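Laboratory data are not the source of any read-out in this text; all were calculated from the coordinates shown. These numbers come from a predicted model, not from an experiment. Methodologically, a virtual Cβ is constructed for each residue, glycine included, from the backbone with ideal geometry; neighbour enumeration extends over all protein chains shown.
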Amino acid sequence: MILQLVLFFAIGSAATTAVAMMPGTIRARAWAGIPLGLLALVVAGWVTSAITEDSTAMILVLLGLGAAVEARRHLPAWSMLGAQLLACVVLGSLSYLVYAGIQPFADGFGPVGIIGSFVLLLLEAAALSLSIYYLFEILDVLSRRDQATHQADAAYLPRVALQVPAYNEPVEIMRETLGALAKLDYPDLIVQVVDNNTKDPEVWKPLEALCRELGPRFQFLHLDPWPGYKAGALNEATRRLPDEVEVLGIVDADYLVKPGFLRAVVGHFKDPQVAFVQTPQHYRDWQDDKYLRGLFFSYRYFFDITMPARAHRNAIIFAGTMGLIRRSALAEIGGWNEACITEDAEASLRMLGRGSVGVYERRVFGEGLMPLTFDGLKKQRFRWALGGIQILRMHWRELAPIGRRQLRLHAGQRIHYLLGSMHWFGDVLTTSFTLLLLLTAAAAALHHRLPVRELTGPVVVVPLAFLLTGVLRALWAMRTAVRCTWGDGIRAMAVWFALSWVDTLAVVRGLASNRAAFLRTPKRKEGGSHLWPALRSSSMETMLALLAVAAAIIMLVRAPGFATAILAFLLLFEAAIFGAAPWASLAAEGIQLTPFRQVYRRSPQNTGERPVSVRNAAAVPVALAAGAAVALGIMLLNVMPAPVSNNAPADLPKLGNVAQNAKKAAPSVAPSATPSASPSASPSPSPSVSPSSSATALPSPT
């Protein structure tokens with residue numbers, strides 16, 4: 001019966017996804033949602049009965065309908081169709097975990113096989129949890145009724161200081177930013193330009209002169225040498241502000257702010273419970289290039305889906321630029337945490353833990369610039385992911401389901417912040433499943449099998465179904481919430497995929513040490529062919545992609561068949577994930593460099609450089625991981641030798657009796673932090689490794 005449940009809810013989630021993607025249906029109320037959802041469940045029941053040759057279709061349909069009604073009862077703001085889709089994915093995931101947990105014992109595995117299968121089950125459970133969380137975010141925005149938001153009092157006009165942190169910024173970039181701030185329509189404003197550790201006077205002296213030129217509103221502060229990264233510089237800058245300043249704002253050095261920004265937003269602070277207000281980080285100068293279009297929409301996902309979902313439970317993050325914060329609230333938590341490189345997100349967690357309110361204002365009031373090189377994008381993403389792991393290390397006791405806590409966070413806030421940090425592990429899972437697939441292909445070539453449960457029977461199609469529907473849901477969310485074309489959505493997903501390896505390195509580095517370090521990427525030389533720099537900056541990803549393609553070919557050659565073809569397809573999907581990195585690197589090399597872009601390429605906002613010594617944070621973790629993988633592979637390949645039959649190697653998938661041989665279903669694929677808090681997922685099964693899905697972290701502004 002468990003097999004039937006796995007198949008039914010997997011097919012049911014696919015059918016419900018197809019119905020939900022029809023224009024106007026996801027927000028349809030009961031009059032339309034119930035019949036459409038029931039139709040999807042009937043189709044799932046009929047297909048499941050046809051595959052398993054039993055007569056449980058009506059029971060399964062009633063079970064699915066009951067689960068949808070129960071989910072809708074707990075989520076009354078959602079549509080019926082949205083509740084049904086979540087219920088199908090959750091129950092399909094739970095039934096699969098039960099099925100996968102029982103299977104090693106049913107197969108008569110020994111201790112080594114049971115342990116190996118249990119470790120794999122833990123990885124799959126983690127991937128499933130992230131996939132469900134990403135789906136919850138999507139549905140919480142797309143299927144939810146609109147609610148009244150926090151209202152700003154237009155008459156409330158406290159004294160405000162906008163802080164503009166800068167490091168080695170070309171004065172041409174800063175001239176645009178400060179010129180826009182000079183046009184702000186606000187009566188009581190200080191603009192504090194904080195130059196942090198710029199060594200060359202020829203860089204910071206013109207900026208100081210520009211501030212004098214713009215008038216008394218503008219104050220220039222040069223700190224060198226100064227500890228604590230950006231957080232340390234902002235803490236010192238705040239100490240030097242007049243006591244009358246009540247609200248602080250942060251604007252990155254490349255942002256153009258609209259004149260009405262402060263008047264539209266600062267009124268939220270009339271409510272004494274409000275500690276901070278965040279507006280979307282938006283971008284400019286991207287419409288003319290396909291790569292930049294994809295990068296733009298990959299950033300937009302966080303502010304159009306993740307942040308609105310978090311706002312429903314007062315769990316948003318303070319994402320730094322284009323945000324305002326109450327000065328007294330910041331002082332109460334001791335200022336910015338100088339030990340965390342994503343100090344903005346970490347501070348918002350502590351402020352919410354004091355019972356404060358964070359307001360997400362969805363209107364766009366400023367536009368910045370995106371990295372023009374893939375190296376710069378990787379450094380930015382490495383910093384965001386590493387900061388997310390630092391937050392997890394600092395506050396995991398506060399976010400865990402049980403334990404002693406000091407922060408007053410309710411359950412919804414804890415879950416959002418916990419999974420917002422945990423989602424960076426989605427790319428670690430992607431990498432882990434890819435390595436398992438490669439190891440399985442090697443075992444097949446040597447006529448061995450791994451000591452984990454096999455993937456056989458009709459359930460072999462389930463990973464493919466979850467993969468395709470998961471990708472479609474991610475694109476559908478982009479199309480619906482972010483309003484991009486299918487082509488731009490696919491390119492945005494490719495950008496997420498391209499950063500999978502960088503996220504993996506950042507997570508490993510964050511777990512290995514609590515000290516901040518930044519990623520070193522190869523320096524780019526001007527002129528010459530773009531191909532070599534592109535491959536050089538993505539050499540590890542290119543190697544993994546080529547290995548996955550080779551492994552898929554080996555599997556098809558060694559044992560051609562339907563099941564092997566599906567598994568080879570999943571390997572090729574893993575190859576596409578890592579192959580997106582050289583594509584992104586080459587595409588970034590081909591961006592047309594206008595005169596302004598030539599100037600911006602020197603900006604640390606583009607290069608990702610920071611005012612600290614940069615060292616290669618990846619070398620030791622990569623060496624250890626590679627050594628461990630080789631050692632594990634040698635051990636596993638010698639643990640369970642399998643005899644070779646006359647037809648096919650014993651370790652390759654075999655389609656047999658359903659009740660005896662069907663082995664596995666994979667979790668759904670869905671997008672993940674950010675920008676600060678990023679999405680996509682990839683299931684990774686193998687002939688002797690159960691399929692699983694793991695999510696690439698959403699772009700994250702922190």
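Gln219's amide H: which non-local residues (gap 5+, or another chain) put their own amide H closer than 5 Å, with H modeled 1.01 Å from N in plane and none for Pro or chain starts?
Val191, Gln192, Val193
Rounded to the nearest 0.05, what FRET efficiency is calculated for Thr485 and Asp243 with R0 set to 41 Å and r the Cβ-Cβ distance?
About 0.20, to the nearest 0.05.
Tabulate in residue order the Karplus-calculated ³J(HN,Hα) for the range 88-105, using 6.51 cos²θ - 1.76 cosθ + 1.60 with θ = phi - 60°, rounded to whole Hz; enter x for Gly and Pro.
Result, rounded to whole Hz: 4, 5, 5, 5, x, 5, 5, 5, 5, 4, 5, 4, 5, x, 7, 4, x, 6.
Give me, ordered by chain and number, the residues 5 or more places off Phe109 or on other chains with an amide H under 5 Å from its own placed amide H.
HN-HN under 5 Å from Phe109: empty list.
Which of the residue pairs Lys205/Lys230; Lys199/Lys379; Lys199/Lys290; Lys290/Lys378; Lys230/Lys379; Lys183/Lys290 have a Cα-Cα distance greater than 27 Å in the structure shown?
Lys199/Lys290; Lys183/Lys290
When the Karplus curve 6.51 cos²θ - 1.76 cosθ + 1.60 is applied with θ = phi - 60°, which whole-Hz ³J(HN,Hα) does each residue of the range 179-188 get, with x for Gly and Pro?
Each residue's phi maps through the Karplus curve to give x, 5, 5, 5, 8, 4, 8, 8, x, 10 Hz.
Modelling each spin label as a point 7 Å along the Cα-to-Cβ direction, I'd like the Ala106/Lys290 distance in nm, to one decimal.
4.6 nm
Any chance you could get the radius of gyration and Dmax over the Cα atoms of the range 361-429, in Å?
15.6, 45
At 37 °C and 0.692 mPa s, grab the translational diffusion coefficient of the range 384-483 from Stokes-Einstein with a Kirkwood Rh over Cα pairs, rounded to a whole number in µm² per second.
189 µm²/s
On a full-extension model of 0.36 nm per residue, what is the gain between Arg175 and Phe562, subtracting their alpha-carbon distance, rounded to one decimal in nm?
Gain on stretching Arg175 to Phe562: 133.2 nm.
Extending each Cα 7 Å along its Cβ direction at Arg145 and Glu609, get the distance between those two points in nm, one decimal.
Simple spin-label model gives 5.5 nm for this pair.
If a paramagnetic tag sat 7 Å from the Cα of Ala32 along the Cα-Cβ line, which residues of the range 303-347 would have the backbone N under 11 Å from that point?
none
Take the alpha carbon gyration tensor of the range 11-87, find the square roots of its eigenvalues, order them as a ≥ b ≥ c, and report rounded if a/c is under 1.5; if not, report prolate when a/b exceeds b/c, else oblate.
Since a/c reaches 1.5 and a/b is larger than b/c, the shape of the range 11-87 is classed as prolate.
Under 1.5 on a/c is rounded, so check that first for the range 221-296, then, if it is not, pick prolate when a/b is larger than b/c and oblate when it is not; a ≥ b ≥ c are the square roots of the alpha carbon gyration tensor eigenvalues.
Here the range 221-296 falls in the oblate category.
Spelling out what I want: for every residue of the range 125-131, take phi, set θ = phi - 60°, compute 6.51 cos²θ - 1.76 cosθ + 1.60 (Karplus), and round to whole Hz; glycine and proline get x.
Values per residue, Gly and Pro as x: 4, 5, 5, 5, 4, 5, 4 Hz.
Can you tell me, using C-alpha contacts under 8 Å and at least 6 residues apart, the relative contact order of the range 228-324 as a whole percent?
44 percent.
Which shape class, rounded, prolate or oblate, goes with the range 322-473 when its Cα gyration tensor gives a ≥ b ≥ c as root eigenvalues, a/c under 1.5 marks rounded, and past that a/b bigger than b/c marks prolate?
Since a/c reaches 1.5 and a/b is larger than b/c, the shape of the range 322-473 is classed as prolate.
Hey, for a label at Arg362 modelled as a point 7 Å past Cα toward Cβ, could you say which residues of the range 312-347 have their backbone N under 11 Å away?
The answer is 312, whose backbone nitrogens lie closer than 11 Å to the label point.
If you take the beta carbon distance between Ala154 and Ser539 as r and set R0 to 60 Å, what does 1/(1 + (r/R0)^6) give as a FRET efficiency, to the nearest 0.05?
E(calc), rounded to 0.05, equals 0.65.
How much of the DSSP beta bridge set in the range 160-372 is antiparallel, as a percent to the nearest 5?
30 percent
Hey, fewest Cβ within 10 Å first, where do Met493, Met22, Met174 land in order?
Lowest count first: Met22, Met174, Met493.
If each residue of separation counts as 0.36 nm, what is the full-extension length gain between Ala209 and Phe569 once their alpha-carbon separation is subtracted?
Contour length minus the Cα-Cα distance gives 123.6 nm.
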